[in-house]
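The structure under discussion appears below in the form of structure tokens.
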Amino acid sequence: MTDTVSGAGPGHLDRADPGEPTDWDRVFRPRAVALLGATGRADAPMARPLSWLTGRGYAGNVYPINPKYAELGGVPCYPSLEAVPEPIDLVLALVPAAQTVDAVYAAATVGAAAVVVFASGFAEIGPAGAALQRRLAEVARQTGVRVLGPNCQGIFYAPSRLFATFSGAAERPLTGSCGIAYVGQSGAVGGSVLDLAAERGLDLTAWVSTGNQADVDLTEIARHLIRDPEVSVLTCYAESIADGAAYQRLAAEAAATGTALVVLRSGRSAAGRRAAISHTGAMLGDDTAFILVSRRYGVVLVEDVEDLLAAATALRGQPRPAGNRIAAVSTSGGAGILAADHCENHGLTLPELAPETQRQLAQLVPDFGALANPVDVTAQLFNREERAFGTVCSIVTADPSVDALLVLLTMVTGEMAADLAEDLVEAVSSTTGRQVPCSVVWLAGQDQTHKARAILAAAGIPVFSSISVAARVAGALAAAQGEPNYPASARDGWALPADPPADGWALLDILAVPHPETRLAGTPEQAASAGAELGGQLVLKAVAPGLEHKSDAGGVHLGVSADRAAAVFGELAAAVPRLTGVLVQRMAAPGLELLVGASGGRDGWPPLLTVGLGGTAAEVHRDVASALAPVTQEQGRELLRELRCWPLLAGHRGAPALDVDAAAGAIARVSQAIAHWPDLAELEINPLIVGPAGEGVAAVDVLVNIRRTEEL
């Protein structure tokens, strides 16, 4: 049982300016660590940090703090932090939740850089715990002492042999340092990562559990670790990312430093949610901004702990794939077919190998094998005296159409398996000119392939027991190529005022997006007059408070003649409650209907642009592509190319092409608007009718949502 912290409180502060940058070396390479509330119960989980710090190679000084004891674990025990004879860098708070605020004050008194708060009983238990957590955060800000946690499992840092954790996963020897680091919000998931990595021969270089993140959050720790020369791959587990700007800085810095970043996310970030009053809002996922930011900077996004470790293993020992073209080499035709199916499901293509490649393979692969892709070497290949499997893989990876290699092995076991693994490692590492990353699926028992798997793991080649998982990870690696961070495109002579107009048609005029002539009528007589003035076939649309989707409420009449405008006004008034007016609009020429929507950035996330097949059935089709705003006109064209309906724009089965240039220009200008005006929450054109090439576009309906001052 721990004791109340002594000598703590606001009156004892003697701390440097809280605004000073955190010296993370004092946290990860501390010269002295104090264990506040150290326990004498050797079997208690909270006894582990003292035992590990004193017995597993940590070179700094360790100071247990508890007035009940004169010594613990063979080292002197002190009654308070102030009694310690030297400066303390890091404090481990092994005290109950109610004592943690005093623990931070006490740490500030002795000038500590940080406190690790292990205790639970904070925001995760309800309002009272949340209030205590807020108080802990306030004290951290007041004193400048950084707080990791609460409700966390601490830190392990291999280079300094810092075992500032009680996680049972750290019971493993953990004598190495593989260059892979982990930081995550969940202690349980983190413990699994640490344990599984060690089981696979990957002793992590750094491991941090951030818990409830009252003060220090995942992105701050991660930004420190990607600058650590000991770390080549950083893996993260995120349950929520409240600060989009901080995540974007992390992703950008990882790309700039060359540190591979692999992220496993769970749940949906509340920071990414927006009101779904438009079709765009309804179709965007809550984490669209997170995904697009990750894609821009080459972050590898995975779906499972298994994927997290496999991707980290591959990035630690091999280059990234240059694209999504993968070649499969298999000892089984059936396994090759399964691989082709799974690869296609995860955005990978299996190109047919070049004739010269197939000619070379034909000299090694039996006649009843397959040479195109997947390559089936058959079990017969292993009945020869020469070891030809590595040569087959070398020939395949030399093909210029191959970006990655997937090796599928069945019952190749024992010493033959070890020989094959050695040949494969040599083949992959000795490829001349271009290196192609490799992964292996071994459909045989671990006990019969243990030595072979160890050889591959040591070479940084991930080994899977599942074809689907291997394909999923390969797809995630191929997708994380990174995209250029385009600047805003030139505005082609049009200028934006300081504030956006709330009237959608006025905003379209500013953006130079064409739209049919429109008049607002407040009475049947005004509707008749507007109809006579516009002439031709008309569209009449109801205007009422909260009426965003007019068609759904029966608020749109098409093909109305001028002489019926007054009567249709009356019909709309009867159908739509609280009608305030009717838009009378000249009917646009037919064409392909697109949706162009933009959502303003919030909580640090950048604004988003979405284009897709539009009209009243936009949410049914869900044929959309999204990007971070702003985009250039050429990027707008590329977004259109991503749509399933692109052939209709480009000219399908002999039909004339539509005016893609005009559509891309309108898309770019909408993106500029959402990026320029922070108080523009939402702008949607639906539909934007695209006419034949050279005849332009027409915005038939527009939605504008201005963010309230309190939302900025």
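The values are calculated or read from the model by the stated rules, or taken from the named source; none is laboratory data. Owing to the predicted nature of the structure, the values given are computational and were not obtained by experimental measurement. Cβ sites come from the backbone with ideal geometry, for glycine too, and all protein chains shown count toward neighbours. Note: accessible area is taken over every heavy atom of the protein model, side chains too, but ligands, DNA and RNA are not part of it. Shrake-Rupley method; radii C 1.70, N 1.55, O 1.52, S 1.80 Å.
Scanning for something open to solvent by 50 Å² or more (accessible area, probe 1.4 Å), charged (D, E, K, R) and within 25 Å of the chain's Cα centre (by Cα), does segment 601-613 turn up at least one residue? Explain how you work it out, then say what you get.
As a first pass, look at segment 601-613 and keep what is open to solvent by 50 Å² or more (accessible area, probe 1.4 Å): 602-603.
Among the residues that remain, those that are also charged (D, E, K, R) are: 602-603.
Pick out the ones that are also within 25 Å of the chain's Cα centre (by Cα) and you get 602-603.
Yes, segment 601-613 has at least one match.
Could you run through segment 494-540 and say how many residues are part of a loop (DSSP other than H, G, I, E, B) and among the aromatic types (Phe, Trp, Tyr)?
Within segment 494-540, residues that are part of a loop (DSSP other than H, G, I, E, B) and among the aromatic types (Phe, Trp, Tyr) number 1.
Can you tell me how many residues in segment 574-591 are surrounded by 17 or more Cβ atoms within 10 Å (Cβ to Cβ) and without any contact (Cβ under 8 Å) to a residue 60 or more places away in the chain?
Of the residues in that region, 2 qualify.
Evaluate segment 584-598: report whether one residue or more is over 30 Å from residue 657 (Cβ atoms), touching a strand residue (DSSP E or B) at 6+ places or on another chain (Cβ under 9 Å) and not β-branched (Val, Ile, Thr).
Residues of segment 584-598 over 30 Å from residue 657 (Cβ atoms): 584.
Add one more test, that the residue is touching a strand residue (DSSP E or B) at 6+ places or on another chain (Cβ under 9 Å), and what stays is 584.
Right, trim to not β-branched (Val, Ile, Thr) and you get none.
Taking every residue of segment 584-598 in turn, none turns out to be over 30 Å from residue 657 (Cβ atoms), touching a strand residue (DSSP E or B) at 6+ places or on another chain (Cβ under 9 Å) and not β-branched (Val, Ile, Thr).
Hey, can you tell me all the residues within segment 445-470 that are within 17 Å of residue 411 (Cα to Cα) and either open to solvent by less than 20 Å² (accessible area, probe 1.4 Å) or within 26 Å of the chain's Cα centre (by Cα) (or both)?
Within segment 445-470, 449, 452, 456, 463, 464, 465, 466, 467 meet the criteria.
For segment 318-341, what are the residues that are open to solvent by 50 Å² or more (accessible area, probe 1.4 Å) and in contact with a helix residue (DSSP H, G or I) (Cβ under 7 Å, 6 or more places away or on another chain)?
Across segment 318-341, the qualifying residues are 320, 324, 338.
Whether any residue in segment 44-67 is in contact (Cβ under 8 Å) with a residue 60 or more places away in the chain, at negative phi, touching a Pro at 6+ places or on another chain (Cβ under 7 Å) and among the aliphatic types (A, V, I, L, M) is what I want to check.
No, segment 44-67 contains no residue that is in contact (Cβ under 8 Å) with a residue 60 or more places away in the chain, at negative phi, touching a Pro at 6+ places or on another chain (Cβ under 7 Å) and among the aliphatic types (A, V, I, L, M).
Testing residue 382 on (1) under 36 Å from the mean Cα position of the chain (by Cα); (2) open to solvent by 40 Å² or more (accessible area, probe 1.4 Å), one condition comes back false. Which one is that?
All conditions pass for residue 382, except number (1).
Within segment 155-170, is there a residue that is open to solvent by 20 Å² or more (accessible area, probe 1.4 Å) and without any contact (Cβ under 8 Å) to a residue 40 or more places away in the chain?
Checked segment 155-170: no residue is open to solvent by 20 Å² or more (accessible area, probe 1.4 Å) and without any contact (Cβ under 8 Å) to a residue 40 or more places away in the chain.
Could you run through segment 192-217 and say how many residues are open to solvent by 10 Å² or more (accessible area, probe 1.4 Å), aliphatic (A, V, I, L, M) and over 12 Å from residue 172 (Cα atoms)?
Residues that pass the stated criteria total 1.
Considering only segment 31-70, state which residues are over 17 Å from residue 166 (Cα atoms) and open to solvent by 10 Å² or more (accessible area, probe 1.4 Å).
31, 59, 60, 61, 67, 68, 69, 70
Name the residue that is most open to solvent (accessible area, probe 1.4 Å), counting only residues in segment 541-559 that are assigned to a helix (DSSP H, G or I) and among the small types (Gly, Ala, Ser).
First, pick out the residues of segment 541-559 that are assigned to a helix (DSSP H, G or I): 551-553.
Add one more test, that the residue is among the small types (Gly, Ala, Ser), and what stays is 551, 553.
Working: 551: 64, 553: 47 Å².
Here the answer is 551.
State yes or no: is residue 644 farther than 28 Å from residue 550 by Cβ and not polar (S, T, N, Q)?
Numbers: farther than 28 Å from residue 550 by Cβ: no; not polar (S, T, N, Q): yes.
No: the conditions fail for residue 644.
Hey, can you tell me all the residues within segment 121-136 that are open to solvent by 10 Å² or more (accessible area, probe 1.4 Å) and not in a loop (DSSP other than H, G, I, E, B)?
From segment 121-136, those open to solvent by 10 Å² or more (accessible area, probe 1.4 Å) are 121, 123-128, 130-135; that's our starting set.
Correct list: 123, 124, 125, 127, 128, 130, 131, 132, 133, 134, 135.
Name every residue in segment 74-107 that is open to solvent by less than 60 Å² (accessible area, probe 1.4 Å) and modelled with pLDDT under 95, in order of residue number.
Hits for segment 74-107: nothing passes.
What helices (runs of 4 or more DSSP H), lying completely within segment 174-264, carry at least 2 residues that are farther than 20 Å from residue 24 by Cβ and within 20 Å of the chain's Cα centre (by Cα)?
Working: elements: 187-199, 218-226, 244-257.
Passing ranges, in order: 187-199, 244-257.
Can you pull out the residues in segment 385-398 that are aliphatic (A, V, I, L, M) and either in a loop (DSSP other than H, G, I, E, B) or open to solvent by less than 20 Å² (accessible area, probe 1.4 Å) (or both)?
Narrowing segment 385-398 to residues aliphatic (A, V, I, L, M): 388, 392, 395-396, 398.
Matches in segment 385-398: 388, 392, 396, 398.
What tally of residues in segment 239-252 results from selecting those that are crowded, with 21+ Cβ neighbours inside 10 Å and either among the hydroxyl-bearing types (Ser, Thr, Tyr) or under 25 Å from residue 460 (Cβ atoms) (or both)?
3
Of everything in segment 560-577, what is part of a helix (DSSP H, G or I) and of a type in the set (A, V, I, L, M, F, W, C)? Give them in sequence order. Before you say what the answer is, go through the steps one by one.
Taking segment 560-577 first, the residues part of a helix (DSSP H, G or I) are 562-575.
Across segment 560-577, the qualifying residues are 562, 565, 566, 567, 568, 569, 572, 573, 574, 575.
Among the candidates 371, 348, 353, 381, single out the residue that is without any contact (Cβ under 8 Å) to a residue 60 or more places away in the chain and touching a helix residue (DSSP H, G or I) at 6+ places or on another chain (Cβ under 6 Å). Even if it seems obvious, please write down each step before you answer.
On the way: 348 fails: without any contact (Cβ under 8 Å) to a residue 60 or more places away in the chain; 353 fails: touching a helix residue (DSSP H, G or I) at 6+ places or on another chain (Cβ under 6 Å); 381 fails: touching a helix residue (DSSP H, G or I) at 6+ places or on another chain (Cβ under 6 Å).
Result: 371 is the single residue among 371, 348, 353, 381 that is without any contact (Cβ under 8 Å) to a residue 60 or more places away in the chain and touching a helix residue (DSSP H, G or I) at 6+ places or on another chain (Cβ under 6 Å).
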